[in-house]
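A.B. asks: First, the structure itself, so that you have it in front of you.
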2 protein chains.
Amino acid sequence: MNLIPIDDPQDPRVAAYLDIRERDLVGRHGRFVAEGKVVLDLLLSTGRFAAESALILENRLAGLQAALRKAPSDFPVYVAAGEVMDRIAGFHMHRGILAIGIRGDPAPAEVLVEALPQHALVVVLVGISNHDNIGAIFRNAAAFGADAVLLDQTCCDPLYRKAIRVSVGAALKVPFASFDDSGTFIATLDRLGFSQFALSPRGNVDIRAAERSARLALYLGTEGEGLPTDMLAQLHTVRIGMAEGFDSLNVAAASAIALHHFSKARAG
Amino acid sequence: MNLIPIDDPQDPRVAAYLDIRERDLVGRHGRFVAEGKVVLDLLLSTGRFAAESALILENRLAGLQAALRKAPSDFPVYVAAGEVMDRIAGFHMHRGILAIGIRGDPAPAEVLVEALPQHALVVVLVGISNHDNIGAIFRNAAAFGADAVLLDQTCCDPLYRKAIRVSVGAALKVPFASFDDSGTFIATLDRLGFSQFALSPRGNVDIRAAERSARLALYLGTEGEGLPTDMLAQLHTVRIGMAEGFDSLNVAAASAIALHHFSKARAG
């Protein structure tokens, strides 16, 4: 393990960690920040993204031996005292575990779905612009074994620090990719034999009656406006039955119910 | 409608709205803050809590006529310009819709459950100390028609500003109450004929196989430690089947799946 003590917050070796919150807003040149023990462990164990370095609070190091051993032996692990770490990050880092990952070249959604197995469950997100919701949907996608998450251009970034944290690292595990034109993408999934279901409060069929097929795509839209009408017209629409007078469900909660439902046939 | 212009942030009539964020931490003498259009509407229409006043940004007033008409005609609606409102609240109130509600005397959980109908679904929360989770669980409870939420002493306050907001007002609609001793409360629900189910990752039965009874209680514990072992021993335990390698579900997502499941028989 390549442990490197850091005493100076301005040390150029930890420049990638400077003012983390500000950097969230302006991007970080092909990198992302992973935070916390579980997320660090997933970053190093899934291998889906390369890890560049870690920055660890000195008194957290002992508890991270197993996770850090999953990295190559020359992987730089910067170690700092609390005060130094807070000055690097620009706020109080009570968890004391950070790492930098490399985004790599994102494959288009079409390439990702072409490579899926014959039995596949994918989630398609349209206009999900809230990092809590994106993170929570990834967590549910991982929990119910979804093979990929596909995002339109108006979704927010699953590798935003908060989205990764809310996903409990699932954003580093479940493959995802973006698509440009929804009409073209629907046609691609259709050609690949996917049954395509959209969750909508006005869906034609109660989700309890929707049957799983070998290849299935689940579309989720924004809470407010939902999926565009022209898109709904091309998909099977399913609804989640709710109580009268309060038929309001968070999109992440809706994804949990729908993914749990569609993971049934898979398990059986 | 009793519209009262406010020009001075120190006006004693809006003292209840001063430094809202700080007040969240120290309590507010039997009052709570409701925020946003949907929440204000629920506060005034459900009547579960008395409303004391509203503080509205002047340019939001036109869009709130229907909601405010649900209040008594002498209900004070304080109206302020943006700068004045921000100085009252202590931060930028971009939504511009606040109201003060009165908690009233909370009934003990035992009294609430004694009064439930013969066909009833209740949620019992143990150690849910995160306001996002409490709010999201209340939203799901309302969406699936739960009759009450019962909380142990270690749960956080459903009337905390953020919890109400995340619940989209459901915390002002679904009756809730606290209980002291879980053993006594389990015995009460048992005496009242409730089937009692606890969600647990190591539950004995897959939730898909759990049957709804006329009176049903669903127990949810903290994400980390889950429900105490001695409590699990007194309940039917159910699990939500997940993918191998990432069997992690947020407690609010779990509540959505479980409530959707148990609301089935109710609908049928």
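Readers should treat all values here as calculations from the given coordinates under stated rules, not as data from a laboratory. The model shown is predicted, which means the values in this text are computed figures rather than measured ones. Counting neighbours? That spans all protein chains shown, and the Cβs are built from the backbone with ideal geometry, glycine included.
A.B. asks: Just how far, in whole angstrom, is segment A:237-255 from segment B:65-123 if you go by their alpha carbon centroids?
C.D. replies: Distance between centres, Cα-based: 23 Å.
A.B. asks: Starting from a label point 7 Å past Cα on the Cβ side, list the distances from A:Val38 to the same position in the other copies, nm, shortest first.
C.D. replies: 2.6
A.B. asks: Which whole number gives the average count of other chain Cβ atoms within 10 Å of the Cβ atoms across peptide A:232-244?
C.D. replies: Taking the mean over all residues of the peptide, I get 3.
A.B. asks: Right, next: Largest first and in whole Å, give the semi-axes of segment A:60-135's equivalent ellipsoid, each being the square root of 5 times a Cα gyration tensor eigenvalue.
C.D. replies: 35, 19, 12
A.B. asks: Apply the a/c threshold of 1.5 to the C-alpha gyration tensor of chain A and tell me whether it is rounded, prolate or oblate.
C.D. replies: Prolate, because a/c is 1.5 or more and a/b exceeds b/c.
A.B. asks: Which percent, to the nearest 5, of DSSP beta bridges fully inside segment A:2-102 are antiparallel?
C.D. replies: Roughly 60 percent of the DSSP beta bridges within segment A:2-102 come out antiparallel.
A.B. asks: Give the Rg (one decimal place) followed by the Dmax (whole number) of the protein assembly as shown, computed from C-alpha coordinates and expressed in Å.
C.D. replies: 24.6, 73
A.B. asks: Return the aspartates and glutamates within reach of B:Lys264: Cα separation strictly under 13 angstrom, same-chain partners fewer than 8 residues apart disregarded; answer none if there are no such residues.
C.D. replies: A:Asp206, B:Glu211
A.B. asks: Under the definition of partner shielding as Cβ atoms of other protein chains within 10 Å of a residue Cβ, what is the mean value for peptide A:206-215?
C.D. replies: 1
A.B. asks: Which lysines does A:Lys70 reach when only Cα atoms under 30 Å apart count, and residues fewer than 8 places away in its own chain are ignored?
C.D. replies: A:Lys37, A:Lys162, A:Lys173
A.B. asks: Between copies, how far does the label point of B:Gly104 sit from its twins, in nm, shortest first, when each point is 7 Å from Cα along Cα→Cβ?
C.D. replies: Its label point is 5.7 nm from the equivalent points in the other copies.
A.B. asks: For the ranges B:32-41, A:8-17, what's the packing order if you count other beta-carbon atoms within 10 Å of each residue, average per peptide, and put the highest first?
C.D. replies: Put in order of decreasing packing, that is B:32-41, A:8-17.
A.B. asks: How many Cβ atoms of partner chains, on average, are near each residue of B:134-143 if near means within 10 Å of its Cβ?
C.D. replies: Rounded to a whole number, the mean comes out at 4.
A.B. asks: Across 5 Å bins from 0, what is the distribution of all Cα-Cα pair distances for segment A:1-60, in whole percents?
C.D. replies: Whole-percent P(r) values from 0 Å outward: 3, 14, 25, 26, 22, 9, 1.
A.B. asks: Binning at 10 angstrom from zero up to the longest distance, how are the C-alpha pair distances of segment A:109-267 distributed in percent?
C.D. replies: Binned Cα distances yield the sequence 11, 45, 38, 6, 0.
A.B. asks: What area, in nm² and to one decimal, does the C-alpha convex hull of segment B:2-102 cast on average over all directions?
C.D. replies: In nm², the orientation-averaged hull projection of segment B:2-102 is 5.8.
A.B. asks: Dipole of segment A:133-268 (Lys/Arg Cβ +1, Asp/Glu Cβ -1, origin at the Cα centre): which of A:Thr237, A:Ala143, A:Gly221 lies farthest to the positive side?
C.D. replies: My answer, from the dipole projection, is A:Ala143.
A.B. asks: Right, something else. Tally the DSSP beta bridges in chain B and give the antiparallel ones as a percent, rounded to 5.
C.D. replies: If we restrict to bridges inside chain B, about 25 percent are antiparallel.
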